[in-house]
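Reviewing the structure listed below.
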Amino acid sequence: MYISLALLSVGVILYLVDGGEVGSVLGPVEAIASALNLEAEGWMSLGIISLIMTPLAGVVAALAVFVRAKELRMVGVSLLVICVVALAILVKLIA
């Protein structure tokens, strides 16, 4: 979460300094390229992407714990959550 805050803060500072335009959230590859060019949109997009990925990383970690503990119901729930997020990402990539 602190990484997301730092990335978003850099983006806001660049936006205030340059007065650039911020549109929609860029994809990961475009966001990295934009951030390397010191564009506010890239830094803000990386911040939002990392903010979204933080809970997903928690679900993946929980999945590993549930697999080791043989908690099959919770393994199923964790897999369902991961599938929903994967489906949302896939829909975004197709659209």
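Observations on the structure shown:
- Computed label-point distance, nm, for sites Val67 and Met1 using a 7 Å Cα→Cβ extension: 2.7
- A simple spin-label model places pseudo-atoms 7 Å from Cα toward Cβ; at Cys83 and Leu16 they are separated by 4.6 nm.
- In plain terms, the chain from Ala95 to Ile52 could stretch by 13.6 nm, reckoned as 0.36 nm per residue minus the Cα-Cα distance.
- Value at 222 nm in deg cm²/dmol, rounded to 500, when DSSP H runs of n ≥ 4 in the chain each add -39,500 (n - 2.57): -28000 deg cm²/dmol
- Per-residue HN-Hα couplings for the stretch 73-81 [Karplus 6.51, -1.76, 1.60; θ = phi - 60°; Hz; x = Gly/Pro]: 5, 6, 4, x, 5, 4, 4, 4, 4
- Local electrostatic count at Glu39 - Lys and Arg +1, Asp and Glu -1, tallied over other residues with Cβ under 14 Å: -4
- Dipole magnitude of the chain about its Cα centre (Cβ charges: Lys, Arg +1; Asp, Glu -1), debye to nearest 20: 680
- For the chain, convex hull volume per residue from C-alpha positions, Å³: 92
Where a number appears in this text, it was derived from the coordinates with a stated rule and is not lab data. Predicted, not measured: the structure shown is a model, and the values here were computed from it. Note: ideal-geometry Cβ built from the backbone for every residue, glycine included; neighbour counts use all protein chains shown.
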